[in-house]
1. For the stretch 22-58, give me each residue that is away from the ligand (no atom under 16 Å from the Cβ) and under 11 Å from Ala178 (Cα atoms).
2. Going through the stretch 101-118 one residue at a time, which ones are within 23 Å of Pro219 (Cα to Cα) and either surrounded by fewer than 17 Cβ atoms within 10 Å (Cβ to Cβ) or hydrophobic (A, V, I, L, M, F, W, C) (or both)?
3. When the stretch 167-188 is examined, which residues are found to be crowded, with 20+ Cβ neighbours inside 10 Å, part of a helix (DSSP H, G or I) and out of contact with any Ser or Thr (no Cβ under 7 Å at 6 or more places or on another chain)?
4. What single numbered condition from (1) in contact (Cβ under 8 Å) with a residue 60 or more places away in the chain; (2) within 16 Å of the ligand (Cβ to nearest atom); (3) closer than 29 Å to Arg249 by Cα; (4) over 17 Å from the mean Cα position of the chain (by Cα) fails to hold for Arg132?
5. With within 16 Å of the ligand (Cβ to nearest atom) and over 26 Å from Leu22 (Cβ atoms) as the only criterion, which of Ala148, Ala162 stands out?
6. Determine whether Thr68 is among the hydroxyl-bearing types (Ser, Thr, Tyr), open to solvent by 30 Å² or more (accessible area, probe 1.4 Å) and under 24 Å from Val205 (Cβ atoms).
7. Regarding the stretch 119-138, can at least one residue be identified that is open to solvent by less than 10 Å² (accessible area, probe 1.4 Å) and not hydrophobic (A, V, I, L, M, F, W, C)?
8. Take Gly61 and tell me if it is at pLDDT below 95, closer than 30 Å to Cys168 by Cβ and open to solvent by 20 Å² or more (accessible area, probe 1.4 Å).
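The values are calculated or read from the model by the stated rules, or taken from the named source; none is laboratory data. From a predicted model like this one, the values you see are computed outputs, not experimental measurements. In this analysis, Cβ positions are derived from the backbone assuming ideal geometry, glycine residues included, and neighbour counts consider all displayed protein chains. SASA here: full protein model, heavy atoms, side chains in, ligands and nucleic acids out. Shrake-Rupley method; radii C 1.70, N 1.55, O 1.52, S 1.80 Å.
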Amino acid sequence: MSTKGRGSWTLSYDDAGNGRALLFVHGWPLDRTIWLGQLGGLAIHARCIVPDLRGFGGSPGDDAGSATIDGYADDLVHLLDALAIPRAVVCGLSMGGYVALSLLGRHPSRVDGLILADTRAGADSAEQRATRERLIAFVQAQGIPALADQQLDKMVGSTTRASRPELCEMLRRMMAGAPPRSVVGAQRAMLVRRDWSAALASIAVPTLVVAGAEDAIIPVAEQRAMADAIPGAQWVEIPGAGHVAPFERPAAFNHAVTEFLLTLNR
Ligand code: MLT
């Protein structure tokens, strides 16, 4: 593990492998250990840069917890600068997908390709915003371990829930270790994020959209529609996986990524 940053923020990250840079962006309320299976399986194909977003895992947060999706994206560009990496394929999981889209919008010259996993392009509906406000109140009243218990069943698919108790426990602990201020800050950041729906048609980098077939947080049909709206995007649905498909079925996810990387090299 290393820490590096330039400009406003210092991030903890892993850096393994050689060749084309693949930048992994975790979701909420997670940290970079959600990508362990990718670090282990993809570093023979690419240079895997796996950071903790500001305030999560080993990366310090700010006192106010005042994150924005664009701010997370800018932190990642500072990390790429510090590592002298001009361009990367950006792979974002759920909230990490929002960050990946922001990175593309703000720093298009730094993005070689996009991998959008278990994520969506649209901004929140009024109902989703109300759910976030309730989640924030829940964290403030009950604390993070209670949030981790509550979220676990939604995060993994029914197959993982029934057959992989050790994986579920690892995920529960990952969520339970997240700092409350960062967890709430990220919810507030997601509340006001940009709506990318209308801009999907103008995405000009190669894109892979991957969804766990049992995703209970973002409907697979919505993810499929996002893929259909991005010119030339590839679509892969992973059976037996839920909202954290890369973590639940790393071999299937890594296979999809490897095939995608091959198309970039042609
Ligand atoms: C995530 O998994 O990163 C979040 O659930 C995404 C969201 O709340 O929109």
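1. Gly58
2. As a first pass, look at the stretch 101-118 and keep what is within 23 Å of Pro219 (Cα to Cα): 101-102, 114-118.
Selection gives Leu101, Leu114, Ile115, Leu116, Ala117.
3. Leu171, Met175, Ser182, Val183, Val184, Ala186, Gln187
4. With (1) in contact (Cβ under 8 Å) with a residue 60 or more places away in the chain; (2) within 16 Å of the ligand (Cβ to nearest atom); (3) closer than 29 Å to Arg249 by Cα; (4) over 17 Å from the mean Cα position of the chain (by Cα) applied to Arg132, the lone miss is (1).
5. None of the other options fit; the residue is Ala148.
6. Here the answer is yes, as Thr68 does meet what is asked.
7. yes
8. Numbers: at pLDDT below 95: yes; closer than 30 Å to Cys168 by Cβ: yes; open to solvent by 20 Å² or more (accessible area, probe 1.4 Å): yes.
Considered against the rule, which asks whether it is at pLDDT below 95, closer than 30 Å to Cys168 by Cβ and open to solvent by 20 Å² or more (accessible area, probe 1.4 Å), Gly61 comes out as yes.
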